Amino acid sequence: MTNAQETEATRLLKEQNTEFVPDIFKFGDNVWFAVGYDVSNIAMIEGETGIILIDAGMSPVRMEKLRLKFREITNKPIKAIIITHGHGDHFGGIQAFLDEGSNPQVWGRRGALGNNVGFNIEANAGKLAGLTYGNVRGGRQAGIILPDSLHINNGVAAKPDKQRTMFTRGKETAEFSPTHFFTEERKQIEIDGVKFELVAASGETYDNMYVFMPEQKILFCGDTYYKSFPNLYTIRGSQYRDVQSWYQSIDKMRNENSEYLLPGHTRPVVGKDKVKETLTNYHDAIKFVFDKTIEGMNKGMTPDQLVEYVKLPENLATKPYLIEYYGRVDWAVRSIFNGYLGWFDGNPINFNKLTPLAEAERMANMLGGIEILKEKALEAFKEEDYQWAAQLSDYLLAIDKNDSEIINLKAEALMEIAKNMVTATGRNYMNSYAIQLLKSIEE
């Protein structure tokens with residue numbers, strides 16, 4: 001096993017760590033914004049007699065530390081907590097605040113995806129189906145088992161409290177529910193003398209909202225924007241994320257003419273012109289990927305062809321907030337295809353595709369035997385053609401899943417590929433999978 005080396009991808013990911021340095025920003029007289037205290041950001045707004053929080057982190061332990069920091073600013077009781085969307089990294093730490101005993105309102109948006117209606121519908125869908133494997137995949141992308149030498153960050157967040165993630169506490173995150181819901185496109189509320197506008201903004205989830213403070217021109221956008229190309233598809237798996245709705249939500253945010261954009265991850269964007277420029281480019285990047293994918297689909301392209309066809313223009317791809325730290329364009333392209341046309345790529349050969357074993361046996365026979373196939377895989381690794389080495393390893397493992405030499409070869413190839421991946425979720429997944437392969441040899 002080799003440690004992460006200073007490739008360009010490694011350098012960029014380490015540089016991204018500056019986004020997660022703990023800090024509490026103050027905007028105006030009554031808004032504080034905590035970055036880097038957990039994997040997601042938390043805001044505190046001071047009202048006439050109490051405080052309002054926006055989001056509540058993932059780890060109760062980390063949120064207890066932040067709660068004490070907030071209490072150095074004010075001792076006013078918590079009147080309300082607004083949760084921007086139903087992902088556990090934005091509400092999993094809420095108990096640290098509820099334990100104060102002030103019985104606050106907890107606001108969320110009631111979303112809908114087919115017959116699945118409510119809050120946190122993504123996790124609830126899996127729960128209703130009896131699906132648990134998403135937590136395994138989620139743990140890999142989050143780097144739960146990775147040593148520090150292989151785990152730089154999670155793309156738009158620092159390394160998590162690995163005992164208290166949305167993947168290791170799945171039951172808790174699925175069962176949480178707010179006390180107050182809104183279902184309108186836009187709802188104006190006033191809490192403790194502070195005016196908020198809650199705005200429906202589907203994107204990463206179907207229960208996503210953004211929170212706008214019209215008097216201060218402050219916009220809390222949840223995960224509709226952060227400093228990375230967005231995670232239009234998550235490799236842990238989920239229902240289709242509505243890419244078209246995502247860029248339409250950003251268009252609504254852009255039209256608020258905010259002076260401060262406070263995201264659910266990474267540092268704030270400050271200045272009306274800077275906010276407008278950032279949201280415009282973010283909107284245009286997502287819309288380009290969506291439109292270009294649909295264009296290619298209408299030409300009869302398969303997903304494999306589409307990922308070669310859809311490339312983000314250089315003027316967008318080089319923006320610091322559109323580097324693929326968290327999401328990837330090719331993952332988004334495949335998801336859009338599947339979201340609209342399903343699994344069938346249009347090529348009828350795939351109606352009766354050979355099983356992995358049958359294809360592997362034919363590959364070995366074509367080359368002259370299993371030993372030659374193994375030689376080719378080892379040769380590919382030696383020549384640093386790691387992707388091909390891993391793919392040939394899969395043929396060999398289809399024939400003999402217990403071949404320890406090839407299991408080790410595949411694991412090493414994955415870890416070499418990971419060194420050149422800037423997308424932290426994919427990098428973490430590859431390294432985690434490799435470690436699990438190596439442990440399977442020991443067992």
Inset, instruction - Give me a count of the residues in the stretch 89-140 that are farther than 15 Å from PHE176 by Cβ and polar (S, T, N, Q). - result: 6
Legend entry - Subset of the stretch 222-262 (residues that are within 16 Å of SER335 (Cβ to Cβ), among the β-branched types (Val, Ile, Thr) and touching an Asp or Glu at 6+ places or on another chain (Cβ under 9 Å)): THR234
Inset, instruction - Kindly establish whether GLY143 is touching a residue at least 12 places away in the same chain (Cβ under 8 Å), crowded, with 19+ Cβ neighbours inside 10 Å, closer than 20 Å to VAL21 by Cα and not assigned by TED's automatic domain parsing to the domain that holds LEU414. - result: yes
Inset, instruction - For the stretch 26-107, please list each of the helices (runs of 4 or more DSSP H) lying entirely inside it that holds at least 2 residues being buried (at least 21 other Cβ atoms within 10 Å of the Cβ) and not aromatic (Phe, Trp, Tyr). - result: 60-71, 88-91
Legend entry - Residues of the stretch 285-306 classified as crowded, with 17+ Cβ neighbours inside 10 Å and within 14 Å of VAL329 (Cβ to Cβ), total: 11
Inset, instruction - Just give me the residues in the stretch 27-59 being modelled with pLDDT of 95 or more, within 28 Å of ASN17 (Cβ to Cβ) and among the hydroxyl-bearing types (Ser, Thr, Tyr), in sequence order. - result: TYR37, SER40
Inset, instruction - Scan the stretch 93-111 for residues that are closer than 18 Å to ALA125 by Cβ and of a type in the set (Gly, Ala, Ser) and jot them down. - result: GLY108, GLY111
Legend entry - Single residue of GLY369, GLY426 found to be among the small types (Gly, Ala, Ser), surrounded by fewer than 16 Cβ atoms within 10 Å (Cβ to Cβ) and either touching a residue at least 60 places away in the same chain (Cβ under 8 Å) or not assigned by TED's automatic domain parsing to the domain that holds GLN141 (or both): GLY369
Legend entry - First in the stretch 102-113 and without any contact (Cβ under 8 Å) to a residue 60 or more places away in the chain, second anywhere and of a type outside the set (Gly, Ala, Ser), Cβ under 6 Å, 6 or more apart: SER102/PRO77; SER102/ILE78; PRO104/ILE78; PRO104/LYS79; PRO104/ILE81
Legend entry - Long-range neighbours under 6 Å by Cβ, at least six apart or interchain, first residue in contact (Cβ under 8 Å) with a residue 24 or more places away in the chain and within 17 Å of SER202 (Cα to Cα) within the stretch 79-91, second among the charged types (D, E, K, R) and surrounded by 24 or more Cβ atoms within 10 Å (Cβ to Cβ): THR84/ASP55; HIS85/ASP207; GLY86/ASP207; HIS90/ASP55
Inset, instruction - Within the stretch 207-222, count every residue that is crowded, with 24+ Cβ neighbours inside 10 Å and in a loop (DSSP other than H, G, I, E, B). - result: 2
Inset, instruction - For PHE220, state whether it is aromatic (Phe, Trp, Tyr) and farther than 29 Å from GLY118 by Cα. - result: no
Inset, instruction - Being within 23 Å of PHE337 (Cβ to Cβ) and among the basic types (Lys, Arg) is the filter here, so list the residues in the stretch 191-237 that pass it. - result: ARG236
Legend entry - Check on TYR226, in a loop (DSSP other than H, G, I, E, B) and either touching a residue at least 24 places away in the same chain (Cβ under 8 Å) or not assigned by TED's automatic domain parsing to the domain that holds PHE196 (or both): yes
Legend entry - the stretch 313-349 - residue that is under 19 Å from the mean Cα position of the chain (by Cα) and among the hydrophobic types (A, V, I, L, M, F, W, C) and, of those, surrounded by the most Cβ atoms within 10 Å (Cβ to Cβ): VAL333
Inset, instruction - Report, ordered by the first and then the second residue, all pairs with beta carbons closer than 7 Å, sequence separation of six or more or different chains, a first member in the stretch 7-28 that is without any contact (Cβ under 8 Å) to a residue 24 or more places away in the chain, and a second member that is surrounded by fewer than 18 Cβ atoms within 10 Å (Cβ to Cβ). - result: none
Inset, instruction - Could you please let me know if ILE94 is within 25 Å of VAL270 (Cβ to Cβ) and either in the same structural domain as PHE182 (by TED's automatic domain parsing) or touching a residue at least 12 places away in the same chain (Cβ under 8 Å) (or both)? - result: no
Inset, instruction - State yes or no: is TYR233 in a loop (DSSP other than H, G, I, E, B) and either in contact with a Pro (Cβ under 7 Å, 6 or more places away or on another chain) or not assigned by TED's automatic domain parsing to the domain that holds ILE121 (or both)? - result: no
Inset, instruction - Would you check which residues across the stretch 117-128 are surrounded by 15 or more Cβ atoms within 10 Å (Cβ to Cβ) and in a strand (DSSP E or B) and list them? - result: GLY118
Legend entry - Pairs where the first residue, in the stretch 320-346, is polar (S, T, N, Q) and the second is buried (at least 17 other Cβ atoms within 10 Å of the Cβ), C-beta under 6 Å, 6+ apart: SER335/TYR233
Inset, instruction - Might you check whether a residue that is closer than 27 Å to GLY426 by Cβ and modelled with pLDDT of 95 or more occurs anywhere in the stretch 251-260? - result: no
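The values are calculated or read from the model by the stated rules, or taken from the named source; none is laboratory data. Because the structure is predicted, anything quoted here is derived from the model rather than measured. Neighbour counts are summed over all protein chains in view; Cβ atoms, including those assigned to glycine, are modelled from backbone coordinates with ideal geometry.
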